[in-house]
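Some notes on the structure that comes next.
The values are calculated or read from the model by the stated rules, or taken from the named source; none is laboratory data. Worth saying up front: this structure is predicted, and the values here are computed from it rather than measured. Cβ atoms come from the backbone with ideal geometry, glycine included; neighbour counts cover every protein chain shown.
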Amino acid sequence: MNEERFSEIRQAIVKILEEYNIMSAKDFETMDEDTGCELYESLKAGILEEFNLDNDEMDAVFDKVLESDYEE
């Protein structure tokens, strides 16, 4: 995945996380189950399907977003 595509996907993930008030890895780890299900559906529609990624590709970008707590 090239840098431009990574950045575009990263921005889309951050936008979805912010809609759920998830601003850090800790927020993600402590969210309730219902929020987690809603978040997954949003990521599936907004990232997997929109960018035609598989789960592994999305997970790789998602993990980098959480590791950085959105800094860059």
Which residue pairs have Cβ atoms under 6 Å apart, sit 6 or more places apart or on different chains, and have a first residue in segment 13-32 that is within 19 Å of K44 (Cβ to Cβ) and a second that is of a type in the set (F, W, Y) and in a helix (DSSP H, G or I)?
I13/F62; I22/F28
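Yes or no, residue by residue, for (1) at pLDDT 95 or above; (2) exposed (fewer than 14 other Cβ atoms within 10 Å of the Cβ); (3) part of a loop (DSSP other than H, G, I, E, B); (4) in contact with a strand residue (DSSP E or B) (Cβ under 8 Å, 6 or more places away or on another chain):
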position	(1), (2), (3), (4)
E4	yes, yes, no, no
I9	yes, no, no, no
A12	yes, no, no, no
I22	no, no, yes, no
F28	no, no, no, no
T35	yes, no, no, no
L39	yes, no, no, no
S42	yes, no, no, no
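Out of segment 51-67, which residues are assigned to a helix (DSSP H, G or I) and closer than 12 Å to I13 by Cα?
Keep residues of segment 51-67 that are assigned to a helix (DSSP H, G or I), which gives 55-67.
Passing the criteria: M58, D59, A60, V61, F62, D63, K64, V65, L66.
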